[in-house]
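A.B. asks: There's a structure below that I have some questions on.
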Amino acid sequence: MSFADLGLIPELLQAVADEGYTEPTPIQQQAVPVILTGRDVMGGAQTGTGKTAGFTLPLLQRLSRHANTGTSPARHPVRALILAPTRELAVQVFEAVAGYGRHLALRATCIYGGVDMNAQIQELRRGIEIVIATPGRLLDHVQQKTINLSQVEVLVLDEADRMLDMGFIPDIRRILTLLPTNRQSLLFSATFSEEIRKLADQMLKNPQLIEVARRNTVSDTITHVVHPVSAGMKRNLLVHLLRHQPDMQMLVFVDTKLVCGRLAHFLERNGISADAIHGDKSQQQRTETLDSFKSGRLRVLIATDVAARGLDIDELPCVINYELPHTAEDYIHRIGRTGRAGHKGNAISLVSPEEKHWLADIQKLIKFEIPQEAVPGYDPGAEFAETGSHSHARRIGGGRAEHKDSGDKADKGPKRERHRERPAPRAVIATDGFDFSKPYEPAASQNATAESAAAPTGNPNSPRRPLAALLGGLGRK
Ligand code: AMP
């Protein structure tokens, strides 16, 4: 994909070419078209992904209709406000705005604390369309009536999680009250705590969630578990698990269209509402199935990897790998449909002895061992342990824990929570040597895991429930 494919105007294409960028990064590919439509965005992305250009380019394009070379300050009201937590970040964003906007007659300035206000006041008096500010100093200007925010059309909150850490949220809430309600708002954060979500609910209207996962990493909010089971017992175990969690909607992944359809029939016969989406279904059938899932009428959606591409899901509580994917990266793609935007998620894998080598590949990629829990009545026992060597299955449902490979005595200690078993260190350097702390380089993006949830989070006041939106929306995997 090129920058021209994103629908950017020639002035911005020129600026991007001046920077030497050849192709948009994953966050740019996703964010630019959405922001151009005027929609609010909740973006999950960290520094180094190219997020600054991801919001700056469409912001400049949306303001380009106001570009003018007039000298009267009245012709240059503040139309965009970008809030950043630190002076360094504010300057960085200002430089990006100035750079990408160099072929447009729009003015930008940067205001931050720790320096004399007078020079900033002079600058604001000239008339400025784009103000990049730290919250405290902005409020100083508001107090002194040296800035007028009544014509702001676009608000950007960058690095919201750092704003929170630095105690800026009350300032931001105050600033929100000073802005026109009819505006576009964009919030970017590397993490989404409850506090950030509350702020997003207050600040954003029907936002589109755009997330760019760090490559080969999985969300910390997902609890992973493997249930060892023989291939022939899988469908019974699935029914057992579904009955165990009667209120939970689940997305079930299988490897083939054949299994997809058969499994849906089997679940239906067992009184569980289920349907399948796979490559042989018409677009209309898929749409109807997805609508049923989205509305909650359908409890279980069974999908192949191909059919699930582009499936946008918000707040899905559970993903089940009925069959393990044969490519380890697909595990990350599949389970990335749960545990989004800081929500808790469950990733359950039903693994037969024949699939253990795929499990080993997955664990190598995600860099931790997934806890194994044998479900009484479905445990393949020695058959599973014998295939391969590394197993430390333990029982659930009242059974005592056992460490099959170590010969340890049964674990008599208190039952630990599953997620604690996961050695949590989050790798900054991926297995392929990709360093997430470095600025984005196009070559490194080729295999990037660009997972995104594009479903609107909807009216914040509406009841939260598992929500699935449609296939293929933005052409992402
Ligand atoms: P950011 O994540 O916005 O801090 O950007 C990180 C770095 O990536 C900055 O140095 C940008 O100049 C650079 N960058 C942004 N977009 C691209 C692109 N499409 N191609 C190459 N580099 C980029």
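A.B. asks: Round to the nearest 0.05 the FRET efficiency obtained for VAL142 and THR37 when R0 = 30 Å and r is the Cβ-Cβ distance.
C.D. replies: Once the sixth-power term is evaluated, E becomes 0.50.
A.B. asks: May I ask for the equivalent-ellipsoid semi-axes of segment 222-397, computed as the square root of five times each C-alpha gyration tensor eigenvalue and listed largest first in whole Å?
C.D. replies: Each semi-axis is √(5λ); the values are 25, 17, 15 Å.
A.B. asks: Kindly write out, for segment 188-199 in residue order, the coupling ³J(HN,Hα) from the Karplus curve 6.51 cos²θ - 1.76 cosθ + 1.60 (θ = phi - 60°), rounded to whole Hz, with x marking Gly and Pro.
C.D. replies: 10, 7, 7, 10, 10, 7, 4, 5, 5, 5, 5, 4
A.B. asks: Please list 139-145, 169-175 highest first by mean number of surrounding beta-carbon atoms within 10 Å per residue.
C.D. replies: 169-175, 139-145
A.B. asks: Next question, about the same structure. Please give, to one decimal in nm, the separation of the simple spin-label points placed at ALA4 and GLN284, each 7 Å out from Cα toward the Cβ.
C.D. replies: Here the modelled spin labels are 3.8 nm apart.
A.B. asks: Within segment 227-264, list the residues whose amide N lies under 18 Å from a label point set 7 Å along Cα→Cβ of GLU386.
C.D. replies: Flagged as within label range: 228-233.
A.B. asks: Taking the mean number of other Cβ atoms within 10 Å as a proxy for protection, how do you rank 239-247, 7-15 from highest to lowest?
C.D. replies: Sorting 239-247, 7-15 by mean packing, highest first, produces 7-15, 239-247.
A.B. asks: Between LEU258 and LYS367, what FRET efficiency follows from the Cβ-Cβ distance if R0 is 35 Å, with the result rounded to 0.05?
C.D. replies: Using R0 = 35 Å, I get an efficiency of 0.55.
A.B. asks: Karplus couplings for segment 157-172 from phi (6.51 cos²θ - 1.76 cosθ + 1.60, θ = phi - 60°), rounded to Hz, Gly and Pro as x?
C.D. replies: Per-residue couplings from phi come out as 10, 9, 6, 4, 5, 6, 4, 5, 4, 8, x, 8, 4, x, 4, 5 Hz.
A.B. asks: For GLN151 and ASN68, compute 0.36 nm times the residue count separating them, minus their Cα-Cα distance, and round to one decimal in nm.
C.D. replies: Answer, rounded to one decimal: 28.2 nm.
A.B. asks: Tell me which residues come under 5 Å, amide H to amide H, from GLY345 once H is placed; ignore anything under 5 positions away on its chain.
C.D. replies: It is ILE222, THR223, GLY339, by chain and number.
A.B. asks: Taking the Cβ-Cβ separation of ALA360 and THR86 as r and a Förster radius of 60 Å, what is the calculated FRET efficiency to the nearest 0.05?
C.D. replies: 0.90
A.B. asks: Another question about this same structure. Applying the Karplus parametrisation 6.51 cos²θ - 1.76 cosθ + 1.60 with θ = phi - 60° to the phi angles of segment 132-145, what ³J(HN,Hα) value in whole Hz is obtained for each residue in order, glycine and proline being reported as x?
C.D. replies: Per-residue couplings from phi come out as 10, 9, 8, x, x, 5, 4, 5, 4, 5, 4, 4, 8, 6 Hz.
A.B. asks: Once both labels are modelled 7 Å past Cα along the beta-carbon direction, what's the ASN182-GLN245 spacing in nm?
C.D. replies: Label-label distance for ASN182 and GLN245, simple model: 4.5 nm.
A.B. asks: I would also like to ask the following. In terms of modelled amide H atoms, which long-range or inter-chain residues lie less than 5 Å from the amide H of VAL226?
C.D. replies: Distant-sequence amide H within range of VAL226: SER349, GLN372, GLU373.
A.B. asks: Evaluate the distance, in nm, between pseudo-label points positioned 7 Å from the Cα of VAL115 and of THR327 along their respective Cα→Cβ axes.
C.D. replies: If labels sit at VAL115 and THR327, their model points lie 4.9 nm apart.
A.B. asks: A further question on this structure: Would you pull out the residues with amide H under 5 Å of ARG107's amide H, same chain only if 5 or more places away, H placed 1.01 Å from N?
C.D. replies: Here GLU129, ILE130 satisfy the definition.
Readers should treat all values here as calculations from the given coordinates under stated rules, not as data from a laboratory. Everything quoted here is computed from the prediction, not taken from an experiment. Note: ideal-geometry Cβ built from the backbone for every residue, glycine included; neighbour counts use all protein chains shown.
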